[in-house]
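The values are calculated or read from the model by the stated rules, or taken from the named source; none is laboratory data. Quick caveat: nothing in here was measured; it's all calculated off a predicted structure. Because the Cβ atoms are built from the backbone with ideal geometry, glycine has one as well, and the counts that use them run over all protein chains shown. Just the protein is used for accessible areas: all its heavy atoms, side chains included, with ligands, DNA and RNA removed. Shrake-Rupley method; radii C 1.70, N 1.55, O 1.52, S 1.80 Å.
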Amino acid sequence: MLKKLIPNMQIKSIYEIDFKHLKEQGILLIICDLDNTLVEWRSMDIPEKLSVWIKELKHLGFKVCIVSNNNIERVGKFAQGLDVLWFAKAGKPLTRTFHLAIKQAGVKPEQTVVIGDQIFTDILGGNCLGARTILVTPISKREFLGTRVMRKAEKLVIAYLRKKGKL
Ligand SMILES: [Mg+2]
């Protein structure tokens with residue numbers, strides 16, 4: 001179980017990920033969390049930097065999909081603005097929605113990378129799917145109450161993994 005909480009990579013921000021390297025490793029689909037991974041929780045603005053980033057990923061030949069536990073209205077509006085695949089109310093860490101995403105994209109789990117800011121939803125779910133996982137630092141400290149509670153447990157796990165040299 002603990003193993004499933006360990007991301008393959010930990011990085012500060014989506015903008016620091018080396019996608020050319022991921023491409024060389026056979027990754028075809030990029031699944032991104034939305035809140036505090038792509039933008040601040042609740043933010044509806046699409047930063048220019050993010051639009052450019054998405055365009056570059058598409059240009060490199062990746063399929064991009066937003067998988068969020070947030071509601072249809074929020075996720076839909078945002079994803080349509082970026083013209084990417086999307087799934088809302090995903091129920092992460094359950095893998096059900098991740099499976100729908102890879103099916104729609106026509107790829108295998110091992111050709112997929114899941115990027116997110118939460119160990120107990122994005123990383124656990126991505127690892128259970130059998131995808132590559134990348135943990136990013138949350139963009140903002142503002143978040144959903146339930147998430148704030150989970151962060152406390154997450155801190156303990158991160159401290160433990162660091163101590164063991166696994167992170
Ligand atoms: Mg998030």
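Within the range 109-128, residues that are within 18 Å of residue 143 (Cβ to Cβ) have Cβ atoms under 6 Å from residues that are open to solvent by 10 Å² or more (accessible area, probe 1.4 Å) and near the ligand (Cβ under 10 Å from one of its atoms) in these pairs: 116/33; 117/138; 121/92; 122/33; 125/92, counting only partners at least 6 apart in sequence or on another chain. Scanning the range 131-167 for residues that are touching a Lys or Arg at 6+ places or on another chain (Cβ under 8 Å) and open to solvent by 30 Å² or more (accessible area, probe 1.4 Å) returns 137, 142.
Only strands (runs of 3 or more DSSP E) whose full extent lies in the range 8-118 are considered here, and the ones with at least 1 residues that are open to solvent by 50 Å² or more (accessible area, probe 1.4 Å), within 16 Å of the ligand (Cβ to nearest atom) and in contact with a helix residue (DSSP H, G or I) (Cβ under 8 Å, 6 or more places away or on another chain) are 85-87.
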